């Protein structure tokens, strides 16, 4: 019994470490992906507003810039303005580092022992992951604690806008973690393609080569369910063997023909 409990604890510990490793990897990936998506959204927004200003002679672009960056000093009972300043400073630093790192990889072979690579891997990445966790948490708490009377409306709007990508990130992380369990609850479609092929009759004759199933290498018998799924008369299999094979690949095990068409009854010798 103690050995069993020790094995169970080791399995739980290993599962917890695996989940933790997956979460850290997801945060590292989202750190780079988030910077790219925000930059893309900003460029798209700036392009639309500049185009609108050129066509209709308005100043939507200036209003957008002021809406994003011009209200940090608005009165607020929570440090939302300072949090937004911190976000944009760290954001542009991350963009600069990622662009510089990508350019460095293109110009010279990547040496994992170099100081710059070690600095990026063991210092900058952990700091970026810590920021991805701490900043949205503190900002969310600050926005929840403030109200319309204690904080500027535009400051609160821009705060929730900057939090929107992190809500999406949390949703994707939770969905990826829960999907294996949710997938088991979904109704499974009938994917047993072997049912689409009719049984054929096995007739044993001397001198004929088709006497064994090519999947299990077992001999055919007269009372067994045998199917010929493709056009070749020589490709015949046990129905159960073919059913198991089709769970991996929906093609003939011998000629790789895609199995989509029912074949008529025939005798197999």
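At-a-glance table
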{"item": "Conditions (1) farther than 23 Å from residue 148 by Cβ; (2) not in a helix (DSSP H, G or I): number failed by residue 71", "result": "(1)"}
{"item": "Subset of region 44-65 that is surrounded by fewer than 11 Cβ atoms within 10 Å (Cβ to Cβ) and at pLDDT 85 or above - its residue that is nearest to residue 129 (Cα to Cα)", "result": "44"}
{"item": "Failed condition for residue 13, given (1) over 21 Å from the mean Cα position of the chain (by Cα); (2) at pLDDT below 75; (3) surrounded by 13 or more Cβ atoms within 10 Å (Cβ to Cβ)", "result": "(3)"}
{"item": "Boolean, residue 117 is modelled with pLDDT of 70 or more and either under 26 Å from residue 67 (Cα atoms) or assigned by TED's automatic domain parsing to the domain that holds residue 170 (or both)", "result": "no"}
{"item": "Within region 141-156, tally of residues that are in contact (Cβ under 8 Å) with a residue 24 or more places away in the chain and either under 24 Å from residue 41 (Cα atoms) or outside the structural domain of residue 76 (by TED's automatic domain parsing) (or both)", "result": "4"}
{"item": "Some residue of region 33-43 being modelled with pLDDT of 80 or more, in the same structural domain as residue 179 (by TED's automatic domain parsing) and over 23 Å from the mean Cα position of the chain (by Cα)", "result": "yes"}
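For (1) farther than 30 Å from residue 257 by Cβ; (2) surrounded by 11 or more Cβ atoms within 10 Å (Cβ to Cβ); (3) modelled with pLDDT of 75 or more, each residue gets a yes or a no:
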| position | (1), (2), (3) |
| --- | --- |
| 167 | yes, yes, yes |
| 174 | yes, no, yes |
| 186 | yes, no, no |
| 190 | no, no, no |
| 198 | no, yes, no |
| 204 | no, yes, no |
| 215 | no, yes, yes |
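The values are calculated or read from the model by the stated rules, or taken from the named source; none is laboratory data. Please read all numbers here as calculations on a predicted model, not as lab measurements. Neighbour counts run over all protein chains shown; Cβ positions are idealised from the backbone, glycine included.
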